[in-house]
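Take a look at the structure below.
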Amino acid sequence: MTRVIHDSGEGMQKEALAMVSSDVNFPKGHFPDYKIGPNNQIIDPEEIHEAVPLKEIVAKETAQLLEQRRRLSVRDLKEKFEKGLSGASKLSEEAKRREAASLDRQVLLKKLRDVLDTLKGRVAGRNRDDADEAISLVEALAVQLTQREGELIYEKAEVKKLASFLKQATEDARKVAEEERALALAEIEKARTAIAIVEKGLQEHDAASSSREKEEIEGLRKEVREARRIKMLHQPSKVMDMEFELKALRTLIAEKNQLCNQLMKELAMIKRLEEDSSDLYDLEGSDILGSQFCIIPRFDDAPDISSCPTQWYRVISGGNRNLILGATKPTYAPEPFDVGRLLQAEIVLSAEKVTIQTMGPINPAAGLERYVESLMKRADVEFNVVVTQMNGNDYSSNSVHAFHIGKMRIKLRKGWSTKARESYSTTMKLCGSRGGGNAAATAVFWQARKGLSYTLAFETDRDRNAAIMLARKFASNCNITLTGPGDEVHAGS
């Protein structure tokens, strides 16, 4: 049983306490409220800041969760519940630690009461009363601890309820998240199904529209054919007669045109025969850039001219003519500088000179000018060539070289090795090959500088003429007139 002794003597109470132990101090007249911390250390409650009650903390956090529940997503709500569950677990562990601390306090108070009972049995008189007073204080402290333990048990029960509530809420949130995920997947599948249906409908619509358009076009064609058939049924003889007349007129015009060209050529030949009765030779070739002229005998008994001196000329305005330096063979291939001019070949026989002239001026090749204009858009144009001669001597190698025509210079290279590279200057010469031969229409003569010249064979006559025209245009942009050896430039050329 617990016995409580009341005494109104304050001085006697202080003396009794002083007699119990000299190390204990009771400044407030009652047993001190202390706490046992880790490692059995005694903590003074005055040094500890006043902590917020657990109920208030739990209530505040619950209110915040309820307020933010509407604004949070399912996943965030789940994370919040998991955090609350972990907080509740921590609070439960803290309550367990407090319960263990309270049990330690009960054991200490029991030991202290046993010591006081033992001391009471050994003393008598006034000291006995003091011992009884100390025992009553210990019992009062035990009552306070019992009340505190009750409160802790109640708080523990509340924490367990809150933990179970949060656990259930977490499970509910997890279930809601799974349901939302299942609903989202179902919506995605529905959307995919709808997209597939729409795509299928669009494909069917396109196929139907294309087939419908084809049917409409075919129907229009049938209507046109039917209209033509009806028209011919109404006027069959008139339409057929007109068609036959048109066909006959076209045939007649073609025949007359061919006959007219033949008569013009014969008339020109007759005039030339009347002017020069000694004209025994003729020029074989077309009056178009890219062709090649060859002097052939007109009669079987004409003298052989293979060993006779021959010289080619350009006829300019006024009947004057310019010597084409180096063109001394029976064959000659016109170059771009000859376009718009007549060509003459003068053959020196034993006793007289025979002059042969082209039927008309040299005409430009079809599409060559547009081709050159497209090449001028580049900074450097490369052609594949074969070097046939160098400085007038036959070149030993027949390997392919690269002939570069740039805006500022011309370069000849083989692989990574540069054979010649010169800027446009007055000493540079470029023209068609004048040495005759079967490949004269695809060859050029290039004098890079004094003492260094090449004869280059291109792949086609189109590349050869385009290279000459391109180089002369680039040189003209550099205020350089690029011509062949001995060529004279006249106004309007």
Dipole magnitude of segment 281-357 about its Cα centre (Cβ charges: Lys, Arg +1; Asp, Glu -1), debye to nearest 20: 340 debye
Just grab the label-to-label distance for Lys247 and Ser350, each label 7 Å out from Cα along the Cβ direction, in nm (one decimal). 6.2 nm
Among Gly436, Thr388, Ile410 the positive-end extreme of the charge dipole of segment 368-478 (Cβ point charges): Ile410
Enter the accessible area per residue of segment 368-478 (Å², integer; probe 1.4 Å; all protein chains in place). 49 Å²
Quick one: pull the percent of accessible area on segment 368-478 belonging to carbon and sulfur, 1.4 Å probe, ligands and nucleic acids left out. 46 percent
With the crude spin-label approximation of a point 7 Å out along Cα→Cβ, what separation in nm comes out for Leu152 versus Glu56? 2.1 nm
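Does segment 281-357 classify as rounded, prolate or oblate by the C-alpha gyration tensor (a ≥ b ≥ c root eigenvalues; a/c under 1.5 gives rounded; else a/b over b/c gives prolate, otherwise oblate)?
Working: a/c = 1.95, a/b = 1.47, b/c = 1.33.
Prolate, since a/c reaches 1.5 and a/b exceeds b/c.
Highest mean first, what order results for 369-375, 405-411 on Cβ atoms within 10 Å? Mind showing how you got there, number by number?
Working: 369-375: 13.6, 405-411: 18.0.
Descending mean neighbour count gives 405-411, 369-375.
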May I ask for the distance between the Cα centers of segment 438-461 and segment 143-197, given as a whole number of Å? 94 Å
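The values are calculated or read from the model by the stated rules, or taken from the named source; none is laboratory data. Fair warning: this is a prediction, and the values are worked out from it, not measured in the lab. All Cβ positions, glycine included, derive from the backbone under ideal geometry; neighbour counts span all protein chains shown. Please note that ligands, DNA and RNA were not included when accessible areas were found on the heavy atoms of the full protein model with its side chains. Shrake-Rupley method; radii C 1.70, N 1.55, O 1.52, S 1.80 Å.
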